Amino acid sequence: MGKPTGFMEFTRELPAKKAPAERISDYSEFTKPYDPQSLNRQAARCMNCGVPFCHSGCPLGNVIPEFNDAVYNERWQEAYEILCETNNFPEFTGRICPAPCESACVLGINQPPVAIEEIEKHIIEIAFERGYVKPRKPNVRSGKKVAVVGSGPAGLAAAAQLNYAGHSVTVFERDDRPGGLLRYGIPDFKLAKEVVDRRISLMEEEGVQFKCHANVGVNVNLNDLLREFHAIVLSGGSTVPRDLNIPGRELNGVHFAMPFLKQQNKRVAGRSPIEGRELESNVLDNEVTAAGKHVVVIGGGDTGSDCVGTSNRQGAKSITQFELLPKPPEGRSPLMPWPTYPMVLKTSTSHEEGCERRWAVATKEFIGDENGNLKALRIVELDWKISEDGKPARFEERPGSESVIPCELALLAMGFTQPQQEGLIRELDISLDERGNVKASEKDYQTNITRIFSCGDMRRGQSLVVWAISEGRECARKVDEYLTGQSMLESRDKSILVP
């Protein structure tokens, strides 16, 4: 415990950010680093609890009190080593994780929780700066070859772990560059792509091979894969977006969120936003921009928030974000006790930059002009009935609340339903669960085909990046056990004795 009285002496402080009016002029990350004294004070707030609930709050099981103690005492290499025992990519989670560990922080019972996510990001950035981060190469190769299909966070984590276990790993990615969601689903102002490229380069130094524009089942032969590799990991994510099939859905100006975000990420990378239509995922036929338009984002989650931030930077005339559910409370209610993850109101940095937010609103119709272009939305307000457990149960349209609002660009950000089943999954005849995800138990991550495994959103459904990394790590351990009969890779379940 770095400072026994730290939690009584210091309160939670987050790093400064550029002003909203300044940061929307570009797509750069805008959160400034802590100064050394502030970082020391934030680490000092960790209480070294008898039962550190932050461990169970984190899907990776990060050993948080220990790395906070190392940070407080400025033992940076030790802090880095502790963090990387459980997390392959702290530079990602330190930027884009919703930090369920902080919701479980014991200090959070009656004070603001420890700023765990920011401390994590500072540990890894200081480690890179000081040269502590080096390629983690295996001592010996097993002679086994593993194919990982999909290079999002789950696929990258599985590849990194399997490579470290000594297997020869090839990652197949249908887009032009590795990273999946990290590269083309998250805006650069939240996760600079230099951060992704830095990690990919490190993995290549470690021996992982990446093959891009490699769409398995399209321009990569499935039979070749089955012949060449001893095991295959499917980690293609949950990519089928939830649609809104109402009148006018076919109008120009109604788009899913992900292709819109991907186009802007390509622009920032200096590439054509419509390049790669033949093989890549989420590529529109025409360029789409929010410039000078009334934009409505339908969906109140993180993807919707990313659309808000991107639309502001593109110069939208106005931005409105709709959420079907009622407005959540600003703090925990008795029905959301600590240390559960609370469903409370969240105001993102994109919301701070300018956006009208409306809750309990349903879109009934997309209205077009004589040329087939979207010009307005017909909406209605909702009255929700709340169940005994405090959750919204059913709604009714509020009489007389219908209205029409101007809209030239509607972005559907309502989540994802399942992985793409056409092609790879159907050709392999992979079994699916009742939700349409790849059926593979958490016990062994194995599909109905013995040497084919699955992890991440493709297996568990749409979830968090931190859960994807956890899934990739656990799946890698099971693949390693399948190939060699045992595994030295660390398990998320600390009760499992690692040989």
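General remarks:
- Scanning segment 277-301 for residues that are hydroxyl-bearing (Ser, Thr, Tyr) and at pLDDT 85 or above yields a total of 1.
- The residues on offer are Pro334, Pro273, and the sole one that is at pLDDT below 95 and either within 19 Å of Leu181 (Cα to Cα) or part of a strand (DSSP E or B) (or both) is Pro273.
- Residues of segment 317-337 that are among the hydrophobic types (A, V, I, L, M, F, W, C) and either farther than 22 Å from Phe395 by Cα or crowded, with 16+ Cβ neighbours inside 10 Å (or both): Ile319, Phe322, Leu324, Met336.
- Subset of segment 413-452 [over 15 Å from Gly237 (Cβ atoms) and in contact with an Asp or Glu (Cβ under 9 Å, 6 or more places away or on another chain)]: Ala413, Met414, Lys439, Glu442, Asp444, Tyr445, Asn448, Ile449
- Screening the candidates Arg435, Arg394, Arg426, Arg459 for the property of being in a loop (DSSP other than H, G, I, E, B) and either more than 18 Å from the chain's Cα centre (by Cα) or not hydrophobic (A, V, I, L, M, F, W, C) (or both) yields one hit, Arg435.
- Of all residues in segment 102-142, those that are without any contact (Cβ under 8 Å) to a residue 24 or more places away in the chain and in a helix (DSSP H, G or I) total 1.
- Tabulated pairs, segment 358-379, first of a type in the set (Ser, Thr, Tyr), second in a strand (DSSP E or B), C-beta under 9 angstrom, 6+ apart or interchain: Thr363/Val296; Thr363/Ile298; Thr363/Phe322; Thr363/Leu377; Thr363/Arg378; Thr363/Ile379; Thr363/Val380; Thr363/Ala410
- Residue satisfying condition, being free of Cβ contacts under 8 Å to residues at least 24 places away in the same chain and either assigned to a helix (DSSP H, G or I) or not assigned by TED's automatic domain parsing to the domain that holds Arg198 (or both), within set Glu74, Glu78: Glu78
- Helices (runs of 4 or more DSSP H) within segment 10-58 that include 2 or more residues outside the structural domain of Leu191 (by TED's automatic domain parsing) and under 30 Å from Ser491 (Cα atoms): 36-44, 53-57
Rundown of residues vs (1) surrounded by fewer than 19 Cβ atoms within 10 Å (Cβ to Cβ); (2) closer than 21 Å to Phe92 by Cβ; (3) among the polar types (S, T, N, Q), yes/no style:
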| residue | (1), (2), (3) |
| --- | --- |
| Asp175 | no, yes, no |
| Val195 | no, yes, no |
| Leu202 | yes, yes, no |
| Phe210 | no, yes, no |
| Ser235 | no, yes, yes |
| Asn245 | yes, no, yes |
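- Of Asp433, Asp457, Asp480, all but one fail to be outside the structural domain of Val344 (by TED's automatic domain parsing) and surrounded by fewer than 16 Cβ atoms within 10 Å (Cβ to Cβ); the exception is Asp433.
The values are calculated or read from the model by the stated rules, or taken from the named source; none is laboratory data. All values derive from a computational prediction rather than experimental measurement. Methodologically, a virtual Cβ is constructed for each residue, glycine included, from the backbone with ideal geometry; neighbour enumeration extends over all protein chains shown.
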